Amino acid sequence: MHLQCHIGTDTLSLARLGARVTGLDFSPNAIDEARRLVADTGDDVDFVVADVYDAAEMLTPGSFDLVYTGVGALCWLPSADRWAQVVASLLAPGGTLHLREGHPILWSMDERLDDDLHLRFPYWEREQPLEWDDDSTYVDTARPLTETRTYEWNHSLGEIVTALIRAGLRIDLLEEHDSVPWEALPGQMAERDGEFVLAALDGVAPLSYTLRAIKPA
């Protein structure tokens, strides 16, 4: 199960590694693009349109050996606890969650300031989201967005780990990284081995992390 799969590129990658994959996203437009992608490639992937919090109601609980969530997904969710409960309900006994995410320290930095690292935004989960109004996008395009308002929530590393433990999962791995797979802080990063690191301050702050958790058999 690939939660918050967007247009399905990572979902397709999992399928090509040999998995039988279902991708879920709340955007009908994103799922339409994902279905077009796998129709072009001929890979056998299922896609479901649903809010991530409704995943356990849309799908069969306990039926997935792996739940995967990729970079840039958790910031769209207001509650780490509710997300963790969904993950636990989807996993079969002995199943694994694999999460690669931007580090909450990175999400608390102001990317608009390029003279240094500036902590400007909440590190811990708050009820009220950060609200943004911006017509740009991380996709390489000259066309501005027409729907420009977005809402984001940060979740501390401790909140994410504790939420998964509360949901009954066992943390098997937690590794912090000094790199991230996009230029998260424009003007302050250098590319290295397909990822981006801090150019002048390499190694002074975690930028992403990998977490693995197991549902006890």
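The values are calculated or read from the model by the stated rules, or taken from the named source; none is laboratory data. Not measured: the values here are computed from a predicted model. Positions of Cβ are backbone-derived with ideal geometry, glycine not excepted, and every protein chain shown enters the neighbour counts. Keep in mind that these areas ignore ligands, DNA and RNA; they rest on the heavy atoms of the full protein, side chains included. Shrake-Rupley method; radii C 1.70, N 1.55, O 1.52, S 1.80 Å.
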Lys/Arg +1, Asp/Glu -1 at C-beta; region 1-160 dipole; positive extreme among Pro122, Pro104, Pro93: Pro93
Starting from the Cα gyration tensor of region 144-217, take the square roots of the eigenvalues, sort them a ≥ b ≥ c, and report rounded, prolate or oblate (rounded when a/c is under 1.5, otherwise prolate if a/b is larger than b/c, else oblate). oblate
Express the carbon and sulfur contribution to the solvent-accessible surface of region 153-217 as a percent, rounded to the nearest whole number, probe 1.4 angstrom. 51 percent
Can you run phi through the Karplus equation (6.51, -1.76, 1.60; θ = phi - 60°) for region 144-159 and list ³J(HN,Hα) in whole Hz, with x for Gly and Pro? x, 5, 9, 9, 9, 9, 9, 9, 9, 10, 8, 9, 5, 4, x, 5
Under the rule rounded for a/c under 1.5, else prolate if a/b exceeds b/c, else oblate, using alpha carbon gyration tensor axes a ≥ b ≥ c, region 1-60 is classed as oblate
Would you please give the residues with an amide H less than 5 Å from that of Gln188, counting only those at least 5 places away or on a separate chain, with H modeled from the backbone geometry? none
Average accessible surface area per residue within the chain, 1.4 Å rolling probe, Å²: 54 Å²
Long-range HN-HN contacts of Gly62 with modeled amide H, under 5 Å: Leu90, Leu91
Which FRET efficiency value, to the nearest 0.05, do you get for Thr148 and Ala39 by plugging their Cβ-Cβ distance into 1/(1 + (r/R0)^6) with R0 = 30 Å? 0.45
Averaging sequence separations of C-alpha pairs under 8 Å and six or more residues apart, then dividing by the length of the chain, give the relative contact order as a whole percent. 19 percent
Roughly what would the spin-label model give for His177 and Phe26, points 7 Å off Cα along C-beta, in nm? 2.6 nm
Extended-chain gain in nm, criterion 0.36 nm per residue less alpha-carbon gap, Ala190 and Asp65: 41.3 nm
Long-range amide H contacts for Ser208: which residues qualify at under 5 Å (H placed 1.01 Å from N, peptide plane, sequence gap of 5 or more or a different chain)? His103, His177, Ser179
Once the dipole of region 145-217 is set up with Lys and Arg at +1 and Asp and Glu at -1 on Cβ about the Cα centre, which of Leu198, His177, Asn154 lies farthest towards its positive end? Asn154
Could you give the angle, 0 to 90 degrees to the nearest 10, between helix 80-90's Cα long axis and the longest principal axis of the Cα atoms of the chain? 30 degrees
Whole-Hz ³J(HN,Hα) for each residue in region 19-26, computed from phi via Karplus 6.51 cos²θ - 1.76 cosθ + 1.60 with θ = phi - 60°, x for glycine and proline: what do you get? 7, 9, 10, 10, x, 10, 8, 7
Potential lengthening between Arg120 and Val49 on full extension [0.36 nm per residue; Cα-Cα distance subtracted]: 22.1 nm
Global form of region 25-100, assessed from the alpha-carbon gyration tensor, a/c cut-off 1.5: prolate
Measure out, as a whole number of angstrom, how far apart the alpha-carbon centroids of region 152-166 and region 86-151 sit. 14 Å
Given the options Thr11, Ala167, Pro186, identify the residue whose Cα lies farthest towards the positive end of the charge dipole of the chain (+1 on Cβ of Lys, Arg; -1 on Cβ of Asp, Glu). Ala167
CD proxy at 222 nm, helix term only [per DSSP H run n ≥ 4: -39500 (n - 2.57); per residue of the chain; nearest 500]: -6500 deg cm²/dmol
From the phi of every residue in region 70-77, what ³J(HN,Hα) in whole Hz does the Karplus formula 6.51 cos²θ - 1.76 cosθ + 1.60 yield, where θ is phi - 60° and glycine or proline is x? x, 4, x, 9, 5, 5, 8, 10
Taking the Cα centre of the chain as origin and charging only Cβ (+1 Lys, Arg; -1 Asp, Glu), how large is the dipole, in debye to the nearest 20? 860 debye
Could you list the GluC sites (Glu not before Pro) in region 84-161 that lie in coil according to DSSP, counting only those with at most 10 other Cβ atoms within 10 Å of their Cβ? Glu127, Glu147
Counting only DSSP beta bridges with both partners in the chain, the antiparallel fraction in percent, to the nearest 5, comes to 65 percent
